[in-house]
Amino acid sequence: MAGLTGKAVRQRGGGWPLDKRPGFLIRRLHQIHVALFQRKCAAFDLTPLQYSLLTALARCGTADQTTLAAEVMLDRTTTTGALKRLQSRKFIERTVHSRDRRAQMCRLTKSGERLLRQIEASARAAHHETLEGLSKAEQKRFITMMQKVVAARAKEAETAANPD
């Protein structure tokens with residue numbers, strides 16, 4: 001497109017504005033939420049992914065890394081890195097699985113349980129603030145619509161997150 005004027009670019013490829021594209025809006029909303037989460041939860045020095053992993057572990061009790069990766073819909077490599085960081089901060093314990101020496105079993109420590117209780121209000125505030133421009137009814141519909149889209153695309157998203 002080198003050499004095209006702004007008007008020519010708009011005519012050629014600008015027929016679909018960014019603010020009308022689902023992918024652009026989803027990415028932008030994710031950026032906004034991460035920024036809100038980081039601001040609201042700064043005192044805990046935890047990423048949204050780490051928070052999700054701790055939440056998944058609290059629900060599961062004990063789980064292997066592959067199960068946790070599937071639970072938070074991320075590849076195992078990214079999940080393993082996040083779990084190692086949580087382990088280094090003593091929020092989780094990882095041990096070798098008793099029947100499968102290749103598998104790492106994870107569980108929350110008392111410190112991890114305490115952190116999860118402490119961060120909960122701040123994390124919820126970030127989630128609520130993300131949607132604060134919507135009425136309560138709109139928020140509920142929006143969540144339902146996102147769940148529907150995710151469910152409809154879950155299989156292909158799972159394959160993309162775990163290519164092997």
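The values are calculated or read from the model by the stated rules, or taken from the named source; none is laboratory data. As the structure is a prediction and not an experimental result, all values here were calculated from the model. Here Cβ is always computed from backbone atoms with ideal geometry, including for glycine, and neighbour counts include all displayed protein chains. SASA here: full protein model, heavy atoms, side chains in, ligands and nucleic acids out. Shrake-Rupley method; radii C 1.70, N 1.55, O 1.52, S 1.80 Å.
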Q: Might you work out the accessible area of residue 93 for me, using a 1.4 Å probe with all protein chains in place, and round it to the nearest 10 Å²?
A: 80
Q) Around residue 105, which amide H atoms from residues at least 5 apart in sequence, or from another chain, sit under 5 Å from its own amide H, with H modelled in the peptide plane? A) 95, 96, 97
Q | Helix-only CD estimate at 222 nm, as mean residue ellipticity for the chain, using -39500 (n - 2.57) per DSSP H run (n ≥ 4) | A | -21500 deg cm²/dmol
Q: Please calculate how many Å² of accessible area the chain carries per residue, with a 1.4 Å probe and no DNA, RNA or ligand atoms counted.
A: 69
Q: Could you pull the accessible area for residue 80 with a 1.4 Å probe, rounded to 10 Å²?
A: 30
Q) Does anyone have the angle between helix 48-60 and the longest principal axis of the chain? Alpha-carbon axes, 0 to 90°, nearest 10? A) 50
Q: Starting from the Cα of residue 90, draw a straight line to each of the lysines and keep only those under 20 Å, dropping any in the same chain fewer than 8 residues away.
A: 110
Q. Per-residue accessible area for residue 140 at 1.4 Å probe radius, Å² rounded to 10?
A. 150
Q: Compute the acute angle (0 to 90°) between the alpha-carbon long axis of helix 22-40 and the principal axis of greatest extent of the alpha-carbon atoms of the chain; round to the nearest 10°.
A: 50
Q: State, as an integer percentage, the relative contact order of the range 42-111 based on alpha-carbon contacts under 8 Å between residues 6 or more apart.
A: 34
Q: Could you please state how large a percent of the accessible area of the range 1-145 is carbon and sulfur, counting protein chains only and using a 1.4 Å probe?
A: 55
Q. Taking the simple approach of a point 7 Å from Cα along Cα-to-Cβ for both residue 100 and residue 73, what is their distance in nm?
A. 2.3
Q. Spin-label point model (7 Å from Cα, Cβ direction): what's the residue 124 to residue 59 distance in nm?
A. 1.7
Q | With Cα atoms, 0 to 90° folded angle of helix 110-130 axis to the chain main axis | A | 20
(Q) Could you tell me the relative contact order of the chain? Use alpha-carbon pairs under 8 Å, at least six residues apart, and round to a whole percent. (A) 24
